[in-house]
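Asks: Encoded as structure tokens, here's the structure I'll be asking about.
The values are calculated or read from the model by the stated rules, or taken from the named source; none is laboratory data. Because the structure is a prediction, the values reported are computed rather than measured. All Cβ positions, even for glycine, are placed from backbone atoms using ideal geometry, and neighbour counts span all protein chains on display. Side chains are part of the model used for accessible areas, which takes the heavy atoms of the whole protein and leaves out ligands, DNA and RNA. Shrake-Rupley method; radii C 1.70, N 1.55, O 1.52, S 1.80 Å.
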Amino acid sequence: MTGTILVCGGAGYIGSHMVRLLADRGFEVVVFDDLSTGHRESIANVELVEGDVRDAAALDALFGAFRFEAVMHFCAKSLVGESVLKPLEYYENNVGGSISLVQAMQRHGVDKLVFSSTAAVFGEPESELIDEDHPKSPLNPYGHSKLMVERMLADVAAAHGLRAVALRYFNAAGASLAGGIGESHDPETHLIPNVLKAAAGSGPRLKVFGTDYDTRDGTCVRDYIHVDDLARAHLAALEFMTREEGFHAFNLGNGQGFSVLEVIQAAGKVVGRDVPYEVAERRAGDPAVLVASSALAAKKLGWQPEITDLEAIIESAWHWHREQRY
Ligand code: NAD
Ligand code: UFG
């Protein structure tokens, strides 16, 4: 595929890595973002149209000004705990925003969409590795909102010929090996940036949420997938949609789980000093173990993660932490 790609939410953490990869591969890129959690600095020299995906008039102006080959949709509110406290904001932004975007695509004859979904659609795992057929029972409004959008995309694909791929990321981690962009959220809730802030002394002592889980060391196990590997999967999804009709969903992970304490230990090695931490209560809504089977993505998208070593992933995040500009 060639041409212009619309990246909604492209000023955010994962979106900005996507924008860089698309530009490196010769695509024209337009970012549409309301900068609610994104950063202008993360997409320097890229065309940015500021706006909200729920604003139909803004989308009409955008689609009228450019001819898009495909759309990537990273916009969302994505804090699990906040979604429990403010569910309407999550359904409004995540479900309402996706409906608005797909309606605009339909009005303007754009028929290919890659959607950012999540491991949170599964809920408590029933098997060691989670594949696409695993039951979907989200534990929180955030996961429900993403599952609703997947359902909606499948229905629109069946009724109107939309081609859509939902990529269910497990734990996005790391930063561009080329530097300059990385994860910057406020508040930051994700483990690896919080571990690095604690190690560097630029944040509080790390709180380990729960040491009484049924795992090898009592702390939660997660599948950390490098953000550039996620971006590469989106490129594969674009190619896939030129061949395949309909709606498809793929799980994207490393296939290996690491506990919170293992992440702390690996970060200590990368940084060269111990990470100060304390044990805290379990965080509501955290499943004990979440590890992906990405076999379907390997088979159908020809995608494999390339940066699979935990220390290498943390090293890339540490590089960003030290140069962080926004
Ligand atoms: P992020 O908050 O850094 O990026 C989201 C971007 O969307 C931001 O630039 C924000 O300003 C923009 N945005 C939000 N609502 C908008 C709206 N209504 N209109 C226009 N722009 C809007 O988040 P991220 O960590 O990069 O995650 C990107 C996507 O991936 C999200 O959909 C998230 O749910 C999903 N996801 C993330 C992870 C993870 O580990 N980070 C895991 C699974 C799924
Ligand atoms: N954790 C801590 N201390 C912290 C932060 C996190 O102990 O300061 C623990 C959490 O309890 C969890 C693990 O580290 O066990 C990973 O937590 P993150 O917040 O980094 O990531 P989550 O697994 O909660 O969430 C991520 C994405 C969500 C997505 C989810 C799917 O942020 O968008 O994966 O599993 F829905």
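Asks: Which values, in whole Å and largest first, are the semi-axes of the equivalent ellipsoid of segment 13-67 obtained as the square root of 5 times each eigenvalue of the Cα gyration tensor?
Replies: Each semi-axis is √(5λ); the values are 19, 15, 8 Å.
Asks: So what are the ³J(HN,Hα) numbers for segment 251-256, from phi and the Karplus equation (6.51, -1.76, 1.60; θ = phi - 60°), rounded to whole Hz, Gly and Pro as x?
Replies: Values per residue, Gly and Pro as x: 8, 10, x, 8, x, 10 Hz.
Asks: Using Cα pairs closer than 8 Å and at least 6 residues apart in sequence, work out the relative contact order for the chain, in percent. Mind showing how you got there, number by number?
Replies: Working: 681 pairs, mean separation 63.7, N = 326.
Relative contact order for the chain comes out at 20 percent.
Asks: If eta is 0.890 mPa s and T is 25 °C, what Stokes-Einstein diffusion coefficient results for the chain, Kirkwood Rh from Cα pairs, in µm²/s?
Replies: 123
Asks: In whole percent, and with a 1.4 Å probe on the protein chains, what portion of the accessible area of the chain is carbon and sulfur?
Replies: 48
Asks: Here is the link list: Lys77/Lys207; Lys146/Lys197; Lys136/Lys207; Lys197/Lys269; Lys269/Lys299; Lys146/Lys300. Which ones come out longer than 26 Å on Cα distance?
Replies: Violating the 26 Å limit, Cα to Cα: Lys146/Lys197; Lys136/Lys207; Lys269/Lys299.
Asks: Against the 2.2 N^0.38 Å scaling, with N counting residues, where does segment 215-263 land? I'd like the Cα-based Rg ratio to two decimal places.
Replies: Relative to the 2.2 N^0.38 Å estimate, segment 215-263 comes out at 1.57.
Asks: Might you tell me the accessible area per residue for the chain, computed with a 1.4 Å probe and given in Å²?
Replies: For the chain, the per-residue accessible area is 43 Å².
Asks: Roughly how many whole Å is it from the C-alpha centroid of segment 259-326 to that of segment 7-43?
Replies: When both Cα centres are located, 22 Å separates them.
Asks: Something else now. Between Asp212 and Glu244, what FRET efficiency comes out of the Förster formula 1/(1 + (r/R0)^6) with R0 = 51 Å and r the beta carbon distance, rounded to 0.05?
Replies: My answer for the efficiency is 0.70.
Asks: Additional query: Decide, for segment 94-161, between rounded, prolate and oblate: order the square roots of the alpha carbon gyration tensor eigenvalues as a ≥ b ≥ c, take rounded if a/c falls under 1.5, and otherwise choose prolate if a/b is larger than b/c, else oblate.
Replies: prolate
Asks: Sorted by packing (mean other beta-carbon atoms within 10 Å per residue), highest first, where do 54-66, 188-200, 10-22 land?
Replies: 10-22, 188-200, 54-66
Asks: Students often check this: by mean Cβ neighbours within 10 Å, which of 88-95, 118-125 ranks highest, and how do the rest follow? Numbers along the way, then the final one.
Replies: Details: 88-95: 18.0, 118-125: 21.5.
So the peptides 88-95, 118-125, ranked by packing, come out 118-125, 88-95.
Asks: What ranking do 219-226, 146-153, 105-112 get when scored by the average of other Cβ atoms within 10 Å per residue, highest first?
Replies: 219-226, 146-153, 105-112
Asks: How long is segment 33-104 along each principal axis, judged by its Cα atoms, biggest number first, in Å?
Replies: 38, 30, 19
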